[in-house]
Amino acid sequence: MQKKHHIILYSLFALCAILAVAYAVEAERDSRRTADALEESYRGTLLAAMTQMEQVRLNIDKALISQDEGQSAQLIGRISSEAAAVQGGLSALPLAHSAMGDAVKLCNQLSDYAGSLLTRADDSLRPEDADLLTQLSHACDALLAVLRRALRQMEAGQLRFAAEDVYMADADAVNRPLESAAEGIDYPTLIYDGPFSDVISEGAPQGLGDKTVTQEEAVGLAAAFVSAAPEDAVFTQESGGSIPAYDVQVRRGDATLHLAVTRQGGDILWMFPETAGYAAQYGLEESKQAAADFLAAHGYGEMRLTFWQMYGGMATLSYAAVQEGVLLYPDLVKVQVRLDTLETVGLEARHYLSSHRPRQNLTPDIPQEQARKAVSDRLSVSGARLCLIPLNRREYLCWEFTGTYAGAAYYVYIDAHTGQQRDIQRLVVTDEGPKAE
């Protein structure tokens, strides 16, 4: 009997030990999950600070080449608020003052200095102000390089802000990437879609035809658009939005294409291939000719190539409509051409169908030479042309001056009727690809 009691007792001890081990394992898992969540939160804070610092750097450069009083005030105001936001983000990281003191000080000074400039932003920047802003811009670049290094170490698992407060200690400062300057990230050289490629068209579409097409008609139109047999095209679904359309799948040769045909007008809204990664056999010049021939064959009228990219065995080329020699940026079309066969397999015509129509008053009141005087001498101008730009739900006839400042390409738009600076855009390359800002 006593032996039986011992067995029961030992079994209870074993069960308790198992439960204790299981509890410890689960507690450790909970602790790791909590630490991982905290680490991800810190990573998000660092990413947000980097994004805001990029905007600070960009707006400083814009302010340096802006000649418009209103835009100068807006840009300087953004610099002040964005620098304050960076300061808040960096202060939220669990780092000692020795790690963050200089960075936070920089953001404080930049925010205060930009705020002080607002009181006299009704005039061009003084030479001493421009010199100081240039120095601050370089300091932002150095800080961005350090932040990028910290982010790379976090992604590689070499740096954990939430690891037992290791990075809170001043004694461990030597191990922190934010203690000293670091090499920046090298980006590839790319060509972006061009100014105003991301402008969202509002209001009723103006480039659609009058006829309302049926589902069956849409299938036939999609097949004809890509020169495929009608039996190789099938309806898949209807899509809504500002331009309702029928989605159609078409088999052509070795490619499957997806197209959207607008219910009003029967126009092709977009087209894209199911697969990519073609073996390049042709170059840029051949793809330019193929895209131009395609647009002409489908009735797009006079179009002018603005920008292009080459990737994935395809050339992506952006075109804008032309009227009376004026480039119409709201009426953009993108075309994708295979570099192995020079067949057109992609199209994006939403901007074109939303905006295309005859424009009035495309004759400038201000000649190019006079408009050039409204562009900062800090911009090294390399070209100019007349264009129509979309801005704040309106369109403006402008002189577009292209040039470089501090190694970056810029586009400055001077109103061809009033001489007012309307916009500044810069060619920017990011991890997601090139864009205008």
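Condition first: assigned to a loop (DSSP other than H, G, I, E, B) and touching a helix residue (DSSP H, G or I) at 6+ places or on another chain (Cβ under 8 Å). Now tell me which residues in the stretch 344-362 satisfy that.
Hits for the stretch 344-362: nothing passes.
Restricting to the stretch 222-247, count the residues that are in contact with a helix residue (DSSP H, G or I) (Cβ under 7 Å, 6 or more places away or on another chain), within 22 Å of residue 210 (Cβ to Cβ) and modelled with pLDDT of 90 or more.
1
With the structure loaded, tell me whether residue 199 is outside any loop (DSSP other than H, G, I, E, B), within 27 Å of residue 409 (Cβ to Cβ) and modelled with pLDDT under 80 or whether it fails that test.
no
Please indicate, with yes or no, whether at least one residue in the stretch 254-277 is in contact with a Gly (Cβ under 6 Å, 6 or more places away or on another chain), modelled with pLDDT under 85 and within 20 Å of residue 345 (Cα to Cα).
yes
What do you reckon, is residue 352 farther than 25 Å from residue 395 by Cβ and aromatic (Phe, Trp, Tyr)?
no
Select, from 394, 350, the only residue that is in contact (Cβ under 8 Å) with a residue 12 or more places away in the chain and of a type in the set (Lys, Arg).
It is 350.
Determine which member of the set 295, 305, 259 is touching a helix residue (DSSP H, G or I) at 6+ places or on another chain (Cβ under 6 Å) and either hydrophobic (A, V, I, L, M, F, W, C) or not in a strand (DSSP E or B) (or both).
259
Quick check on the stretch 425-436. Is at least one of its residues among the hydrophobic types (A, V, I, L, M, F, W, C) and at pLDDT 90 or above?
no
Mind checking which residues of the stretch 44-76 are under 22 Å from residue 89 (Cβ atoms) and free of Cβ contacts under 8 Å to residues at least 12 places away in the same chain?
44, 51
Residues in the stretch 45-64: is at least one assigned to a helix (DSSP H, G or I), at pLDDT below 80 and more than 25 Å from residue 150 (Cβ to Cβ)?
The answer is no, given that none of the residues of the stretch 45-64 is assigned to a helix (DSSP H, G or I), at pLDDT below 80 and more than 25 Å from residue 150 (Cβ to Cβ).
Name the single residue, out of those in the stretch 86-102 being closer than 17 Å to residue 43 by Cβ and aliphatic (A, V, I, L, M), that is modelled with the highest pLDDT.
86
Can you find a residue in the stretch 297-307 that is within 23 Å of the chain's Cα centre (by Cα) and crowded, with 18+ Cβ neighbours inside 10 Å?
Yes; the residues of the stretch 297-307 include at least one that is within 23 Å of the chain's Cα centre (by Cα) and crowded, with 18+ Cβ neighbours inside 10 Å.
Name the single residue, out of those in the stretch 269-279 being within 13 Å of residue 336 (Cβ to Cβ) and of a type in the set (A, V, I, L, M), that is surrounded by the fewest Cβ atoms within 10 Å (Cβ to Cβ).
Out of the qualifying residues, it is 276.
Among what's in the stretch 373-390 and is loosely packed, with under 15 Cβ neighbours inside 10 Å and in contact (Cβ under 8 Å) with a residue 24 or more places away in the chain, pick the residue that is farthest from residue 426 (Cα to Cα).
Ranking the qualifying residues of the stretch 373-390, first place goes to 385.
Against the condition touching a Cys at 6+ places or on another chain (Cβ under 7 Å), of a type in the set (Lys, Arg) and in a strand (DSSP E or B), how does residue 422 come out, does it pass?
yes
So the check is Cβ under 7 Å with 6+ separation or different chains; which pairs have a first residue in the stretch 121-132 that's under 20 Å from residue 57 (Cβ atoms) and part of a helix (DSSP H, G or I) and a second one that's hydrophobic (A, V, I, L, M, F, W, C) and at pLDDT 60 or above?
Short answer, once both residue conditions are applied: 129/117; 130/64.
The values are calculated or read from the model by the stated rules, or taken from the named source; none is laboratory data. Quantities reported herein were computed from a predicted structural model and do not represent experimental measurements. Backbone-built Cβ (ideal geometry, glycine too); neighbour counts: all protein chains shown.
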